[in-house]
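First up is the structure itself, then whatever we jot down about it.
The values are calculated or read from the model by the stated rules, or taken from the named source; none is laboratory data. Since we're looking at a predicted model, the values are computed, not measured. Reconstructed Cβ throughout: ideal geometry from the backbone, glycine too, with neighbour counts over all protein chains shown. SASA here: full protein model, heavy atoms, side chains in, ligands and nucleic acids out. Shrake-Rupley method; radii C 1.70, N 1.55, O 1.52, S 1.80 Å.
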Amino acid sequence: MVDNVMNEEANRVLGRDAQRNNILAARVVAETVKTTLGPKGMDKMLVDRAGNIIVTNDGVTILDEMEIEHPAAKMVVEIAKTQEAEVGDGTTTAVMLAGKLLENGEKLLDMKIHPTIITRGYRWAADKAQEILKELAVEINSKEELMKVAETAMTGKGVEYLKEKFGEIIVDAVDIVAENKKVELEDIRIEKHKGRSIEDSELIQGIVIDKERINLEMPVRVDEARIALIEEALEVRGPEMEAKISVSTPDQLTSFLGREDAMLREKVDAIKGSGANVVFVQKGVDELVQHYLAKAGIYAVRRVAKSDMQNLAKATGGKIVSKLSEISREDLGYAKFVEERKDGEEGMTYVMGCLNPKALTILIRGGTDHVIDEVERAMRDALGDVAATLKDSKIVAGGGAVEIELSKRLKEYASSLNGRERLAVEEFASALEFIPVTLAENAGMDPIDVLTELRAAHDAGNRDYGLNLFNGSIEDNLANGIIEPLRVKTQAIASASEVAIMILRIDDVIAAKKSVGNSGKLGNMSGYD
Ligand SMILES: Nc1ncnc2c1ncn2[C@@H]1O[C@H](COP(=O)(O)OP(=O)(O)OP(=O)(O)O)[C@@H](O)[C@H]1O
Ligand SMILES: [Mg+2]
């Protein structure tokens, strides 16, 4: 008998137990984010080990922070991440669909239907769903419609009362950076500044760095800015360097200090020699250097983040210089002016009229960091949606409209099938209804009533009817402007079905024992023991 082919330390779960365990874990993930879905969804407060707090409604953020350990649950979290990377929005929807597909798949397993049949049915349904989605998509082009896409994304995300203003900021920003309808979202810089209120957030056609000039003697504004971007520290001894020097005579001390002074002067001379009148330094700047720079009428900012240095380089056409001794005029960037503007306590540096006309910053202001961070997440979702819409100009009706229509058409498709796969296609179809049902539930409405009414509307041929949660009725959401990019739905369905299929096909889990303590936050969901 070969009893022990595996390491004794490994854990093995087989057959139905493995399936049950995996499906349960994946469903727990879906259940976790479920209450955040839709405009009436609730937020979650996440506290990490260090006590940092995040308050959010964003599916992917919640799952990321939860540090889930169960392998099948992790696969579901991956969907959220893919969704985030591909579109930026719809992460909750994608995860919920996967959870529901697995829940329904389990029903079929209980009916003794083989996983191969279930997964085949799911695959057919997923392919068919993509086809139907293309038919249901509507083309849009106007700015107003794009703004509606942004507004739908932000509904229920804390910025809702400002969604018109923010919708416009987002559409304008995307419009500025778009090239042939293609948008690199990294080109849209978001800068966050604590102070004033969210209403005062704005789109600025330039680069704003949340740092003031280092020294009050420096000019507040420099016109025709020639900008040096310097990587190295403008100090002799960095704060991280601790050196011991021993001097025995006052002369030695003077000469040592003199040498230091000379080295710093050299750096300043190099900057002056290049013709720069503005410097951004990635590291620290010695007080003496500050003084010399100020005397030369140079505006300087220190400790600029590396990513901001890169943004500045891209915006102003400058080159980041790592060896100051080699700096030359060609390395400098250009902006019409650089200015410090103050609101509240701290000043910010505005780099305006950049060489690259596409340079822009969305400046988010707000009272607390938590609010600002959640505004940023809502904005990024909407930016992703608008960019996706611009790319293929296709949208679908939201509020569950597209899911109900898909469900209906998939059921019709199922009835054209003969084998047992038909049952799987039917379960796939009913999984889609989970979205409108949850939207209703989260709004305190009766999900059964809503579902019945929605089905009736769609049976009567109103394919874009969905739940309008502004007034709680079932209406034509295409006409209402509750619209989402097609891509959100195609991506969500593609990745949710892929993962569901993958998990359903697993009937043997062999897991190595962990060597360190189990820190999974899902408690005993974190392993197979
Ligand atoms: N006014 C509205 N009435 C009804 N449904 C709406 C309305 N606005 C948006 N929705 C719906 O809310 C759902 C989106 O909710 P939500 O933004 O919370 O989740 P998500 O986009 O799936 O995930 P996340 O934004 O967390 O990445 C979509 O189905 C959308 O159609
Ligand atoms: Mg969303």
*Pairs with Cβ under 7 Å, 6+ apart, first in the stretch 136-153 and of a type in the set (Lys, Arg), second within 14 Å of ligand 1 (Cβ to nearest atom) and in a loop (DSSP other than H, G, I, E, B)*: Lys148/Gly481
*asked:* Of the residues Ile482, Ile474, Ile448, only one is touching a Ser or Thr at 6+ places or on another chain (Cβ under 6 Å), open to solvent by 10 Å² or more (accessible area, probe 1.4 Å) and hydrophobic (A, V, I, L, M, F, W, C); which?
replied: Ile482
*Scan the stretch 262-291 residue by residue and report those that are closer than 19 Å to Lys319 by Cα and in a helix (DSSP H, G or I).*
Lys267, Val268, Asp269, Ala270, Ile271, Lys272, Gly273, Ser274
*asked:* Looking only at the stretch 139-148, how many residues end up being within 25 Å of Arg409 (Cα to Cα) and open to solvent by less than 40 Å² (accessible area, probe 1.4 Å)?
replied: 1
_Filter pass, Asp110 being more than 16 Å from ligand 2 (Cβ to nearest atom), without any contact (Cβ under 8 Å) to a residue 40 or more places away in the chain and either open to solvent by 50 Å² or more (accessible area, probe 1.4 Å) or within 30 Å of Lys182 (Cβ to Cβ) (or both)_ = yes
*Quickly run through the stretch 388-400 and pick out the residues that are part of a helix (DSSP H, G or I) and open to solvent by 10 Å² or more (accessible area, probe 1.4 Å).*
Leu390, Lys391, Asp392
*From Gly88, Gly38, grab the single residue that is open to solvent by less than 60 Å² (accessible area, probe 1.4 Å), out of contact with any Lys or Arg (no Cβ under 7 Å at 6 or more places or on another chain), within 19 Å of Ala492 (Cβ to Cβ) and within 12 Å of ligand 2 (Cβ to nearest atom).*
Gly38
*strands (runs of 3 or more DSSP E) (entirely within the stretch 445-511) containing at least 3 residues that are in contact with a strand residue (DSSP E or B) (Cβ under 9 Å, 6 or more places away or on another chain) and under 26 Å from Ala150 (Cα atoms)*: 465-468, 473-476, 483-485
*Any residue in the stretch 395-420 that's within 20 Å of Glu453 (Cβ to Cβ): show its pairings with residues that are assigned to a loop (DSSP other than H, G, I, E, B) and of a type in the set (A, V, I, L, M, F, W, C) at Cβ separation under 7 Å, as long as the two are six or more apart or on different chains.*
Val396/Ala137; Ala397/Ile482; Gly398/Ile482; Gly399/Leu469; Gly399/Ile482
*Mind checking which residues of the stretch 46-72 are open to solvent by less than 60 Å² (accessible area, probe 1.4 Å) and either within 16 Å of ligand 2 (Cβ to nearest atom) or within 20 Å of Met154 (Cα to Cα) (or both)?*
Ile54, Val55, Thr56, Asn57, Asp58, Gly59, Val60, Thr61, Ile62, Leu63
_I'd like the full set of residues that are open to solvent by 40 Å² or more (accessible area, probe 1.4 Å) and under 16 Å from the mean Cα position of the chain (by Cα), limited to the stretch 159-205._
Glu184, Leu185, Glu186, Asp187, Lys192
*Of all residues making up the stretch 276-323, the number that are of a type in the set (Ser, Thr, Tyr) and either closer than 14 Å to Leu264 by Cβ or surrounded by fewer than 19 Cβ atoms within 10 Å (Cβ to Cβ) (or both)*: 3
*Could you check, for the stretch 425-437, whether at least one of its residues is under 29 Å from Ile169 (Cβ atoms), assigned to a loop (DSSP other than H, G, I, E, B) and modelled with pLDDT of 95 or more?*
no
_Can you pull out every residue in the stretch 371-405 that is hydrophobic (A, V, I, L, M, F, W, C) and more than 16 Å from ligand 2 (Cβ to nearest atom)?_
Val371, Ile372, Leu390, Ile404
